[in-house]
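Asker: Mind having a look at this structure? Questions to follow.
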Amino acid sequence: MYEEQVAELLHNEGIEFVVSLPCDRTKDLCMILEDEFRYVTISREEDGVGICSGISLMNSRSVLQMQSSGLGNSLNALMTLPALYGLPLPILASWRGYFQEKIAAQIPFNEKIPELLTLYNIAFTPVLTPADIPKIQEVITDAFINHRPHVALISPQVWEGQAPAKRCEFKSRERETSLTYSGKFRKPEMKRADAIRVIASLLNDEYVISNIGVPSKELHAARDRDRNFYMLGSYTQASPIGLGVALATKDKVVVLDGDGSLLGTAILPVVSATKPDNLTIICLDNGVYGSTGDQCSPAYQTIDLELVARASGFTHTQKVHSADELTSAWNHQTQRPRFIHVVIEPGNSSAPNISFTPHEIRDRFSAG
C-alpha cells in the first residue's frame, strides 16, 4: 500500500525515469517502480548521479533510488555534477543503520549520514513513518525549484506491517552468447587533440559530452558549440551523463570518454541493457591518465577497451588509429548504441581553460 502511495506521488510530480540500485528494504517499492516508470538498473550509485544529471539537462524528470550507503560512494559526483551545475536531483535513499539495523557493516557510515549531508550542504528530509510519506513530494518539489540534490532519508519503519507484495515472474534467461574477436593495436597516428579536432569537424546537431580535464578544454578549443557539455569534475561520469541525455532526447548523443574513466565505471553494461538507439561512445584511448601527468592505465599494454565493450553487450564496435579511419567509422551508418575505440598517443595540447561557468555550460546545453 505504502509503495503504491509513493509511486502515485512520483507520477503526480511528473517523474518519468527511476534510476535505481535496489536495497532489500525497498524491494517491493522497486518492483512497483520498475513496472510503472522508465526504470534503469545500475551497478554503481555514482553512475546514477550521472544518468540523472543527463536526464535533467534535457529538462526531463528522474529520481535516483538507492540505499543510504550509496551516498558515500556518490559524494564527489553529487558535489561536482548536480550541486556544481545546479541540476535537480531528488534521491530516495533507504536509510540503513538507523532503525533496527541487524547488519553491523551498515552502521558505522550510515549512522552519520545526517551530519555528512549537513557538512556538504546537501538538503535532506527524514521520512520516518508512513505518515511522513507526503514529505517525499516536498523533496521532489524542492529539488526542481531550487535546482539541487535533495535526499529523502526513508526509514525501514515506513514499510513495516505490510504483507509482502506478490513477486513477479522472471523472464527466461535462456540465450546464446557467441563472441569471435580479433583486435589489433597498430601504432597510433593521432594524439587526443587531433582526434577531437576530427570529431569536431564532423559534428552537426549532436549533443556532445566531453570527459573531465584536458579533453573538455581540447573540445572547447577545437569547436565550441552550445550542445557541448564540458565536464569540470566527476571522474568516470561522462558516459553516464551521455546515457541520461540519450534516454531523454531523440537527438543523437556523442560521448568523448577515456580509457581511464571507462575502466573506473560500470556503465557499459547499463548502456547495453537500455539500448539507446541514439548514443555513440567514443573512447579516446591513449593508455594513460593524460590530465594528471601521463601515468599508464591498465589499457596501455593489457586491456582492450573494444573487447570490454563487446563483453558488456555492445554489438557495434570499431577500432581506429588514424584520422581517415576515425572519419570512416563516424560516417558508417550502423545500429546504436555504438562504441568507437580510438587508439591515440599520449600527450596533451596547450588548450586554454574553458571560459564558461558551470551554470552557463548547463544553460547553453539544455537550451541547445
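The values are calculated or read from the model by the stated rules, or taken from the named source; none is laboratory data. Predicted model only: the values in this text are computed from it and were never measured. Note: ideal-geometry Cβ built from the backbone for every residue, glycine included; neighbour counts use all protein chains shown. For accessibility, only protein heavy atoms count, side chains too; no ligands or nucleic acids. Shrake-Rupley method; radii C 1.70, N 1.55, O 1.52, S 1.80 Å.
Asker: Looking at segment 94-128 only, could you name the residues that are farther than 25 Å from TYR2 by Cα and out of contact with any helix residue (DSSP H, G or I) (no Cβ under 7 Å at 6 or more places or on another chain)?
Answerer: ALA104, ALA105, ILE107, PRO108, LYS112, GLU115, LEU116, LEU117, THR118, LEU119, ASN121 - these are the residues of segment 94-128 that are farther than 25 Å from TYR2 by Cα and out of contact with any helix residue (DSSP H, G or I) (no Cβ under 7 Å at 6 or more places or on another chain).
Asker: Moving to a separate point now. Of the numbered conditions (1) modelled with pLDDT under 95; (2) crowded, with 18+ Cβ neighbours inside 10 Å, LYS102 fails exactly one; give the number of that condition.
Answerer: For LYS102, the failing item is (2).
Asker: Can you list residue pairs whose Cβ atoms sit under 6 Å apart, with the first residue in segment 343-359 being within 17 Å of ASP257 (Cβ to Cβ) and in a loop (DSSP other than H, G, I, E, B) and the second being open to solvent by 50 Å² or more (accessible area, probe 1.4 Å) and modelled with pLDDT under 95? Count only pairs 6 or more apart in sequence or on different chains.
Answerer: As it stands, the answer is PRO346/ASP294, since those pairs meet every condition given.
Asker: Can I ask one more? May I ask you to verify whether GLU325 is under 17 Å from VAL198 (Cα atoms), open to solvent by 40 Å² or more (accessible area, probe 1.4 Å) and at pLDDT 95 or above?
Answerer: In short, yes.
Asker: Considering each of GLN318, GLN333 in turn, give the residue that is part of a loop (DSSP other than H, G, I, E, B) and more than 21 Å from SER43 (Cβ to Cβ).
Answerer: Only one candidate passes the filter, namely GLN333.
Asker: Just a yes or no: is a residue in segment 345-359 modelled with pLDDT of 95 or more, open to solvent by less than 10 Å² (accessible area, probe 1.4 Å) and in contact with a helix residue (DSSP H, G or I) (Cβ under 8 Å, 6 or more places away or on another chain)?
Answerer: Looking through segment 345-359, none of the residues is modelled with pLDDT of 95 or more, open to solvent by less than 10 Å² (accessible area, probe 1.4 Å) and in contact with a helix residue (DSSP H, G or I) (Cβ under 8 Å, 6 or more places away or on another chain).
Residues checked against (1) closer than 15 Å to ASP24 by Cβ; (2) at pLDDT 95 or above; (3) in contact with a strand residue (DSSP E or B) (Cβ under 8 Å, 6 or more places away or on another chain):
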position: PRO108; (1), (2), (3): no, no, no
position: LEU116; (1), (2), (3): no, yes, no
position: PRO126; (1), (2), (3): no, yes, yes
position: LYS166; (1), (2), (3): no, no, no
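Asker: Looking at this structure, is ALA222 open to solvent by 20 Å² or more (accessible area, probe 1.4 Å), over 16 Å from LEU57 (Cβ atoms) and at pLDDT 95 or above?
Answerer: yes
Asker: Here's something else I'd like to know. I'm checking my understanding of the structure. Among residues of segment 266-317 that are among the aliphatic types (A, V, I, L, M) and within 22 Å of ASN331 (Cα to Cα), which one is nearest to the chain's Cα centre (by Cα)?
Answerer: VAL271
Asker: So, of the residues in segment 32-54 that are in a helix (DSSP H, G or I) and within 14 Å of LEU10 (Cβ to Cβ), which turns out to be most open to solvent (accessible area, probe 1.4 Å)?
Answerer: Top of the filtered list is ASP35.
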